[in-house]
Amino acid sequence: MENLVEVSHLSKAFSGQEVISDISFTLSGGQVLGLLGHNGAGKSTLIKILLGTLHYDGEVALLGLTPEKHRTKIMERVAYISDVSSLPSWMTIKQIINYMKGVHPQFDADRAKSYLQNTELKLQMKIVQLSKGMKVQLHLALVMATDAQILILDEPTLGLDLIYRETFYHDIQSWVQKHNRSMIIASHEVSEIEHLLTDVLVLKSGDVVLQGALDSLYEQYISISIPHENREKAEQYCPIYAKEEKGHTLMLFNNESSEALMALGQVSKTRLSDLFLAKQLGLNA
Ligand SMILES: Nc1ncnc2c1ncn2[C@@H]1O[C@H](COP(=O)(O)OP(=O)(O)OP(=O)(O)O)[C@@H](O)[C@H]1O
């Protein structure tokens, strides 16, 4: 399948200081990439590069186009939502829909209105009167009506309540699947987005520390709840991460599935949040 996003040996330095080092990945329709990392890991810098607002070293192509050179063309088919995205506050919802119709070649006003029918938003409402969650709903409806091929989200649900978050991710996931789009989500809420993701890219101070399809990572990394009496024996198998939980220690192992180890505790599905912490903190968690 044709790749919608291609990144090859991407690096970025600010004043000689490298903040992204040699990142490569591709995304095709239906793939949802979780871009994860501690504060300052380089997530927003990578997003800015994809959106064509920063210079970089390496190769980057969205829909076959280079972000720096073809920013306007790319932005017709790439949508971006972040917690700081701003919509013109003086407009009514009806006005912004009409405005989008005027400036965006692929915008379908009827589709935007039909998405809004499932919300409490009304066409005559002014954007300035909307709560943060309502603004995100409006933004999402506008994006879903633009027929964007690639959707980039940077902490889109920051400050939203649980109901808005659930609805937001539910709507966006059905849209991505139905239309075979690609999506990149940068977020600190690892557990919240795990079920949406097909792939992950975890950064630590600009370096890739974990990358791949989630299904193969779930196979590669094994989580076992070890009762305290077996802890010492389990440690001999070199866990990459250990966390005290009620009545046992949760240990994570890489490519270690010997029967003797499995017999020491209860094997459970690996959680992305534990894998994330293992890669950020290692055994010193
Ligand atoms: N314009 C800039 N000039 C100099 N350094 C910058 C600039 N923008 C970002 N940085 C640095 O690059 C590094 C990566 O920052 P970035 O904003 O990409 O991280 P992030 O993963 O998005 O972090 P957070 O989760 O806190 O938003 C940080 O060390 C930051 O200080």
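From the Cα gyration tensor of region 149-192, with a ≥ b ≥ c the square roots of its eigenvalues, which class applies: rounded if a/c is under 1.5, or else prolate if a/b is larger than b/c, or else oblate?
Oblate, because a/c is 1.5 or more while a/b does not exceed b/c.
Just want the answer: with Cβ charges of +1 for Lys and Arg and -1 for Asp and Glu, which residue in Gly16, Leu130, Leu27 is farthest toward the dipole's positive end in region 3-205?
Leu130
Could you pull the Rg and Dmax for region 216-284, using just the Cα atoms, both in Å?
10.7, 31
What value, in deg cm²/dmol to 500, does the helix sum -39500 (n - 2.57) over DSSP H runs of n ≥ 4 give at 222 nm once divided by the residues of the chain?
-9500 deg cm²/dmol
Using a Cα-Cα cut-off of under 19 Å, which lysines could be cross-linked to Lys279, ignoring same-chain neighbours fewer than 8 residues away?
Lys43, Lys204, Lys243, Lys269
Quick one: putting +1 on the C-beta of Lys and Arg, -1 on the C-beta of Asp and Glu, what dipole do you get for region 178-254 around its Cα centre, in Debye to the nearest 20?
My answer is approximately 140 debye.
Would you work out if region 1-131 is rounded, prolate or oblate? Take a ≥ b ≥ c from the square roots of the eigenvalues of the alpha-carbon gyration tensor; rounded if a/c is under 1.5, else prolate when a/b is larger than b/c, oblate otherwise. If you can, show how the numbers build up before the last one.
Numbers: a/c = 2.31, a/b = 1.86, b/c = 1.24.
Here region 1-131 falls in the prolate category.
Quick check on packing: order 167-180, 257-270 by the mean number of other C-beta atoms within 10 Å, highest mean leading.
Taking the mean over residues of other Cβ atoms within 10 Å, the ranking is 167-180, 257-270.
Provide Tyr221, Tyr237, Tyr164 ordered by accessible surface of protein heavy atoms (probe 1.4 Å), highest first.
Details: Tyr221 10, Tyr237 65, Tyr164 45 Å².
If we order Tyr221, Tyr237, Tyr164 from most to least accessible, we get Tyr237, Tyr164, Tyr221.
How big is the dipole moment of the chain about its Cα centre under a simple scheme where the beta carbon of each Lys and Arg is +1, that of each Asp and Glu is -1, and everything else is neutral? Debye, nearest 20, please.
1240 debye
The values are calculated or read from the model by the stated rules, or taken from the named source; none is laboratory data. These figures come from a predicted structure and were not determined experimentally. When we count neighbours, we look across all protein chains shown, and the Cβ atoms used for this are built from the backbone with ideal geometry, even at glycine. Note: accessible area is taken over every heavy atom of the protein model, side chains too, but ligands, DNA and RNA are not part of it. Shrake-Rupley method; radii C 1.70, N 1.55, O 1.52, S 1.80 Å.
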